[in-house]
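The values are calculated or read from the model by the stated rules, or taken from the named source; none is laboratory data. Worth saying up front: this structure is predicted, and the values here are computed from it rather than measured. Note that each Cβ is placed from the backbone with ideal geometry, even for glycine, and that neighbours are counted across all protein chains shown.
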Amino acid sequence: MKYMEQALFIYDELSGDLIETLKNNDYGTQITAVEKTQFLNDPLEYISIAHHLLLAGEMQLINQLLEFAYRYSANGQQCTVSFLPLPTQKLLRRSYQLSTNLQDNIEVALRDEAKAINLLECNGKIVQFKAVVGKIPLLESWHSDLSMGAFLQNILLGVKQFFSLSMEQLSIETEKDKQIKTIASGVFIVNQNRGSHLTRVLHQKSSMRSDRLSLMILSPFSAVEYFLFLFSLVFHFKREDTLPHAVSNIKSKQITIDMKAFSNDDNSETTSIRLDEQNSASFPLHFKIIKQAVKINAPEKFWELNPVSNTDKEAIRIDNLPDEKEQGKYFKQDLPFFSVASEERFKDLFLQLRTDADINSLYLVLMLLSTLLASFGLFANSAAIVIGAMLLAPLMSPIISFSMGLLRGDDKLLISSMMKVAIGVSLALLASTLLTLFIPQVDLTNEIKSRIHPNLMDLGVAVISGIAAAYTKAHKELLSSIAGVAIAVALVPPLAVAGIGIGRGELYVFEGAFLLFVTNLIGITLSTVLTFQFLGFSNTVKSKKSLGLIMVILVFLSYPLYRSYSVSIERYQLIKNLQSEAIIINKKKILIENATIEYENNMNIINITIVLLKALNDKELQSLKHKIEQRFSSKHQIRISMKFIL
């Protein structure tokens, strides 16, 4: 490896302690140390000593010296540079793929093998790291050398900006006269390679030896969309060939950004412009790439990540920018928390939901058939038949329409869908009741019993199902999934069980099953309303009184659901303890082999199988019963089966 014979080390108060280390280098390079003020006062005097500059110290000094090297080289003179980043200058180190070890960086810095890189210039000023126009809350902090305190302060400022984010009008013109007039919360150019964290998470394979600059335009339609954009960056959800939804990208050799060219409104004085953290630029902003601007020393990895790239083509990916109608909605307004769905999505979905809210003969026939099928499945204790009834049931669609009516305050949609649900429920109860009167001798099967003790987990299922239902309705390509949602939430089987309870005259069966249906109905409605709001079909819930009534019903439902859930947990623990217990009565050891709890005829029944050597007399049986009852807080009927070991 060949090394420099002479080099200049320009130092400041932060880097002066490196002088002795550099002068005692192992590569035979003679180092001349010059204090920054002396060099900047008369750089030509010192550049005649050596044409290779070692840059270390504050970033402002490094940027000044880099610009000097570029200007000096542009006049046909030779001037190369190397960087010796301080421990706190992580951005500089990552940008040029330098080591955390000083000796390794010195070895690279003194090599006699400098290669040219391109530089980014804005209005005659070199931009080494990034240029930012407008606001990009939280994102900009990732690409900086802030201390922990300053970083946290920046994060807090970003959070504050996040909740007051707005769009500004911008006019963008490329080298080939492609003009784009749009609105955006911010735009940024990162003049870095693929080793940079920010360019890596945005999947931008940029290069410091490319003759095209890369402009990223950030235009989220809501605060939630911006948050999801940040989330996708952190966890790398996007493929390398795709851009996040909130981002557009333009690649060109030259780009001009202005505000005055868009309209008569001039907000340029209040729009933030930052070039490498310096607020020293004004509109219009003329960005261009300076080819082979300066030669630097860098490790092999830097050159691998920054291949030479020359092309006359421009790359313009602006599908994610708002169209003219959307620009009018968002300009000069704080971004809504939820996005606003497009007119096309509004139109398609509302046409479908209005159709779903209309009562017709097909709906009535399907409700009748699905209820009868579910009832036979319940009587036959057949899960397969019950699932078939779920697939056939049409009750989910009017509930989704009802939810949209609540969200949008559409009285016509609200009333028609509510009437459709009420008629469907009444028909289901009537059909299952009449069927039960004709088949009164059938006992309560496990399929029936499983639907008369709803708890909080059933509410959770309803909430998740409502989210899935709203999402599939809003996206036409997912409508085939609505059948799976219907199976998950099971609306008709609880109604069929409630009708069976009426037909048998067993009130507890009706109460439990109808509570399950109402739980499903309320859970689906609330989660569907919130999901439609999240998807942008309304910023606020218009029918607040109706939604408030539903919330009150949910509060009242929560108590019996919680009690049922607590009882089920208590039963599980008690049964678990009973099954592992040995009871001694009158010196007779009794092992509990199995224990279950059933609910029959409005009473809890404990079925216990015990194993013993000798039979128990009446007094001993009463003692066993008493010991078991002590473990339960409520009254239970106990049934005991005995197994003898001979």
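If you go through segment 1-21 and pick out every residue that is within 18 Å of residue 58 (Cβ to Cβ) and aliphatic (A, V, I, L, M), you end up with 5. Of all residues in segment 431-442, none that is under 14 Å from residue 505 (Cβ atoms) and exposed (fewer than 12 other Cβ atoms within 10 Å of the Cβ) has its Cβ atom under 6 Å from the Cβ atom of a residue that is at pLDDT 90 or above and among the aliphatic types (A, V, I, L, M), 6 or more apart or on another chain. Scanning segment 1-13 for residues that are under 47 Å from the mean Cα position of the chain (by Cα) and surrounded by fewer than 16 Cβ atoms within 10 Å (Cβ to Cβ) yields 12, 13.
Taking every residue in segment 275-291 that is within 21 Å of residue 75 (Cα to Cα) and pairing it with any residue that is polar (S, T, N, Q), at least 6 positions away or on another chain, the pairs with Cβ-Cβ distances below 8 Å are 288/254; 289/118; 289/210; 289/254; 290/118; 291/118.
Going by what's in this entry, would residue 434 be described as assigned to a helix (DSSP H, G or I), assigned by TED's automatic domain parsing to the domain that holds residue 464 and at pLDDT 90 or above?
Criteria met by residue 434.
Taken over segment 349-376, residues that are under 41 Å from the mean Cα position of the chain (by Cα) and small (Gly, Ala, Ser) amount to 3.
The helices (runs of 4 or more DSSP H) found entirely in segment 319-410 that carry 1 or more residues being acidic (Asp, Glu) are 324-330, 343-357.
Considering the conditions (1) within 23 Å of residue 305 (Cβ to Cβ); (2) touching a Gly at 6+ places or on another chain (Cβ under 8 Å), residue 113 is excluded by exactly one of them, (2). For segment 71-98, taking the residues that are within 45 Å of the chain's Cα centre (by Cα) and among the aromatic types (Phe, Trp, Tyr), the one that is modelled with the highest pLDDT is identified as 83. Residues considered: 409, 405. Of these, the only one that is within 36 Å of the chain's Cα centre (by Cα), within 30 Å of residue 532 (Cα to Cα) and surrounded by fewer than 18 Cβ atoms within 10 Å (Cβ to Cβ) is 409. Search segment 465-521 for residues being of a type in the set (D, E, K, R), more than 19 Å from residue 561 (Cβ to Cβ) and part of a helix (DSSP H, G or I), and hand back the single one that is modelled with the lowest pLDDT. The residue in question is 477.
Criterion applied to 109, 69 was being under 22 Å from residue 287 (Cβ atoms), in contact with a strand residue (DSSP E or B) (Cβ under 9 Å, 6 or more places away or on another chain) and not charged (D, E, K, R), and the one residue passing it is 69. The residues listed here are 101, 105; of these, the one that is of a type outside the set (Asp, Glu), modelled with pLDDT of 95 or more and buried (at least 18 other Cβ atoms within 10 Å of the Cβ) is 105. Within segment 113-128, being over 25 Å from residue 51 (Cβ atoms) and buried (at least 19 other Cβ atoms within 10 Å of the Cβ) holds for one residue alone: 122.
What's the total number of residues in segment 14-61 that are surrounded by fewer than 13 Cβ atoms within 10 Å (Cβ to Cβ) and either among the aromatic types (Phe, Trp, Tyr) or not assigned by TED's automatic domain parsing to the domain that holds residue 79 (or both)? Total meeting the criteria: 0.
Among the conditions (1) of a type outside the set (A, V, I, L, M); (2) under 26 Å from residue 428 (Cβ atoms); (3) surrounded by fewer than 21 Cβ atoms within 10 Å (Cβ to Cβ), residue 517 misses just one, which is (3).
Restricting to segment 101-136, and then to whatever is small (Gly, Ala, Ser) and not in a strand (DSSP E or B), can you tell me which residue is nearest to the chain's Cα centre (by Cα)? Restricting to residues being small (Gly, Ala, Ser) and not in a strand (DSSP E or B), the top hit is 124. Of all the residues in segment 62-98, those that are basic (Lys, Arg), farther than 23 Å from residue 23 by Cα and either buried (at least 18 other Cβ atoms within 10 Å of the Cβ) or touching a residue at least 24 places away in the same chain (Cβ under 8 Å) (or both) number 2.
Here 548, 536, 499 are screened, and the one residue that is assigned by TED's automatic domain parsing to the domain that holds residue 415, in contact (Cβ under 8 Å) with a residue 60 or more places away in the chain and either on the phi > 0 side of the Ramachandran plot or surrounded by fewer than 17 Cβ atoms within 10 Å (Cβ to Cβ) (or both) is 536.
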